Amino acid sequence: MRLVVIEDDPYWQQAIRAIIEHRPGYRVVATCGNVVQALRTVQETVFDLIIVDLGLPDGSGIDVIRAARRHQPEADILVATVFADEANVVAAIYAGATGYLLKESAPDQWIAAIDELRAGNSPIDPKIARHILGAVQRGRGGLGRQPAGDQAPNADDEATSLNDPGLTAREMEVLQLVARGFTLVEVAKFLNMSPHTSRGHAKAIYRKLEVGSRGEAVFEASALGLI
C-alpha cells in the first residue's frame, strides 16, 4: 500500500515512517513538509493513503485534504495531529478525512487505525468522538439539520426534512456499499452496472446529501440515520 506523509516536523516524519515500514506491504512514496509541496504531490503521485498533519508552516492541512479528495477520491485520508478541538475535527471530516488520530497515540494504535481504514472503516480517536457527537447534536456543519421556523413540525414533516434526502433505492444500495468500504468500481461490479453508472449514482448521493466526498457522505448519512 502506497502512503504519502504530510508532516513538517522531522521527528514525526521519522516516527511515522518507522511505524509504517514495520508493517509488511506498506510503503511511503512521498513525504512533504508544507502545503505547497503537498498540493503538488497529491496531483502528481498515486497513493492509497495520505497521512496529514493540520498545522503546517504555510497553511492548513485541511486544504491538502480537500485537494487529495478531489484528485484521488478513492484514497483514504488519515489526519494525524495534536489538534483535538471541535473546529478542526469537524472541518477535517467535512473536507474529506476518513480517519482522525492524535499524534500521542501509541504505535499499535497507529497501525490499527491504518488497518481499519484499509478495511473500509473510519477510525476516530476516542477523544475526538465527543466533538463529533457535539457537532451532530447541535447541527454544526449541516449535520442534524432543523427545519426553519419557530413551530415544531409534525412527525411526517420531520421525517421528510431530517431523515429523507430523497435517495432512490439504487442510490441507497450504492451508499451502503460505499459505507462498507467498497470503491465505486467494486460497487459497479457488485451491482452489475458500469463504473460510469456507479459514479453517476455517487454524484447524485453527494448532491442530495449536500456533501463533496465519500467520507462526508458516510458521515452525513450516519448522522441522518440512513446507514
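The values are calculated or read from the model by the stated rules, or taken from the named source; none is laboratory data. Nothing here was measured: the structure is a model prediction, and the numbers come from that model. Note that each Cβ is placed from the backbone with ideal geometry, even for glycine, and that neighbours are counted across all protein chains shown.
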Of all residues in segment 44-54 being over 17 Å from residue 95 (Cα atoms) and touching a residue at least 12 places away in the same chain (Cβ under 8 Å), which is nearest to the chain's Cα centre (by Cα)?
-> 48
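Does segment 62-81 contain any residue that is assigned to a loop (DSSP other than H, G, I, E, B) and over 13 Å from the mean Cα position of the chain (by Cα)?
No, the conditions are met nowhere in segment 62-81.
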Where a residue in segment 101-122 is basic (Lys, Arg) and its partner, wherever it lies, is in a helix (DSSP H, G or I), with Cβ under 7 Å and at least six apart = 103/12
Filter segment 42-93 for residues that are touching a His at 6+ places or on another chain (Cβ under 6 Å) and at pLDDT below 90 and give the result.
-> 86, 89
Test result for residue 215, part of a helix (DSSP H, G or I) and among the small types (Gly, Ala, Ser) | yes
Check 17, 23, 40 and return the single one that is part of a loop (DSSP other than H, G, I, E, B) and surrounded by 13 or more Cβ atoms within 10 Å (Cβ to Cβ).
-> 23
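When only residues in segment 94-143 that are of a type in the set (Ser, Thr, Tyr) and in contact with a Ser or Thr (Cβ under 6 Å, 6 or more places away or on another chain) count, which is modelled with the lowest pLDDT?
First pass over segment 94-143, keeping only residues of a type in the set (Ser, Thr, Tyr): 94, 98, 100, 105, 122.
Now drop any that are not in contact with a Ser or Thr (Cβ under 6 Å, 6 or more places away or on another chain), which leaves 98, 122.
Values: 98: 88, 122: 81.
It comes out as 122.
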Where residues in segment 1-43 are charged (D, E, K, R) and touching a residue at least 24 places away in the same chain (Cβ under 8 Å), which of them is nearest to residue 109 (Cα to Cα)?
-> 23
Do you know which of the residues in segment 144-195 that are on the phi > 0 side of the Ramachandran plot and at pLDDT 70 or above is nearest to the chain's Cα centre (by Cα)?
-> 166
